[in-house]
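Read the figures in this text as sums done on the coordinates, not as results from a lab. Just so we're clear, the structure is a prediction, and the values are computed from it rather than from any experiment. Heads up, the Cβs are rebuilt from the backbone with ideal geometry, glycines too, and the neighbour counts pull from every protein chain shown.
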Amino acid sequence: MKKVILFAAAIAAFVACSKNEAVVPEASPISFAPNALQTKALILPDSNSPEQLAFPTSESFNVFAFADIADGNGTNYATPLMNDVNISYQGGDWKATTGTYLWPAMGTVDFYAYYPSSINATFLDTADPKVLNLTGISLGTAVGTQIDPLIGYTLSQVSASKPTVQLVFKHITSQIAVTAFDATNTVSLQNKISIEKVVFKNMKTSGDYVDGTTSGKGVWSNINTNTDFTSFSGSEVLSTTESYLSNGSFIASIDNSAAFVVVPDNVVTGTAADQSIEVTYSIAAYSINGFDYPATPSQTVTIPLYGKVSGNKFQNGTRYVFHIGISLDGANNEIMFSPVVEGWKTEDISGITIDAVNAVLL
């Protein structure tokens with residue numbers, strides 16, 4: 001369904017849809033300067049370093065562009081200047097992968113970009129404001145290899161100045177990561193807990209998206225595909241220092257297996273499909289207060305996400321870090337007493353009915 005309209009460098013005229021009047025452009029190709037606050041799900045989103053902000057030159061994105069050549073009839077959305085054109089890094093510039101696209105000699109141009117190009121995208125020119133419509137998005141089901149869909153708009157770029165088009169991409173999904181630490185306060189009981197597995201249960205991984213009045217703050221629909229993600233699997237002793245969990249070991253920062261993205265979705269409550277975190281751990285043998293306790297084999301605790309996430313809904317462009325502390329302090333709880341004597345009270349036992357025919361309680 002994707003169409004590519006090639007504007008060769010030899011094109012001598014750009015014809016407005018509403019006029020039969022030719023405008024001769026200068027030979028100035030359209031180029032881009034893309035960046036993103038977080039180009040991948042696995043890059044820390046709170047970093048301001050150029051490395052984190054730069055769009056990776058190994059990737060490409062797609063662009064719709066529409067020109068208003070100042071003929072008084074508004075932007076020409078009927079005939080796009082760039083119709084779902086792939087943009088890649090070539091010879092030091094971000095420009096069309098195939099063909100050459102030139103600035104009109106006058107007027108302005110609106111640009112609508114998305115990433116990755118594998119997404120099925122259409123442009124809704126009947127919407128106000130105009131928006132991108134992304135359908136059949138599948139984020140993938142393997143931790144660390146999911147896609148991170150991005151959207152960026154740059155509107156009313158003045159053609160006469162022939163600028164490099166600045167594009168700031170925004171995330172339309174959420175990112176989830178988990179940290180774990182030994183929350184035990186009793187020093188002699190620390191370093192006895194080993195974490196074995198962390199699984200995010202019943203997460204959503206696919207759907208459709210229509211952008212909103214603010215880029216990156218649109219609406220998801222047809223959200224589906226319940227998937228369990230294993231964020232950590234192994235057996236490592238927790239320390240009192242909080243660490244991110246990767247797929248196989250502890251790490252100091254996010255790497256290719258420490259986080260994943262999910263589409264925004266209401267967190268379900270009260271059903272078998274609850275979104276939750278399952279934490280599996282074991283306890284080594286320990287001694288406390290003169291008693292020796294044997295090792296405790298694997299046991300699992302389920303943490304419902306309902307009530308943990310603000311508004312019980314994941315938000316676009318938001319990163320959620322779940323800080324999970326596991327404590328063994330319960331083994332050092334001193335036995336305490338609080339004796340009282342209560343007065344007599346009456347307790348009415350009701351609801352007892354006997355089936356006289358069968359001589360049983362109903």
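Given the stretch 104-219 reduced to its alpha-carbon atoms as identical point scatterers, what log10 I(q)/I(0) does the Debye formula return at q = 0.12, 0.15, 0.20 Å⁻¹? The computed values of log10 I(q)/I(0) come out as -0.61, -0.79, -1.12.
Listing Ser161, Ser156 from fewest to most neighbouring C-beta atoms within 10 Å gives Ser161, Ser156. Going from the fewest other Cβ atoms within 10 Å to the most, the residues His323, His171 appear in the order His323, His171. Going down the table (Lys95/Lys204; Lys162/Lys217; Lys130/Lys204; Lys204/Lys308; Lys170/Lys204), which pairs top 23 Å between alpha carbons? Check vs 23 Å cut-off fails for Lys95/Lys204; Lys162/Lys217; Lys130/Lys204.
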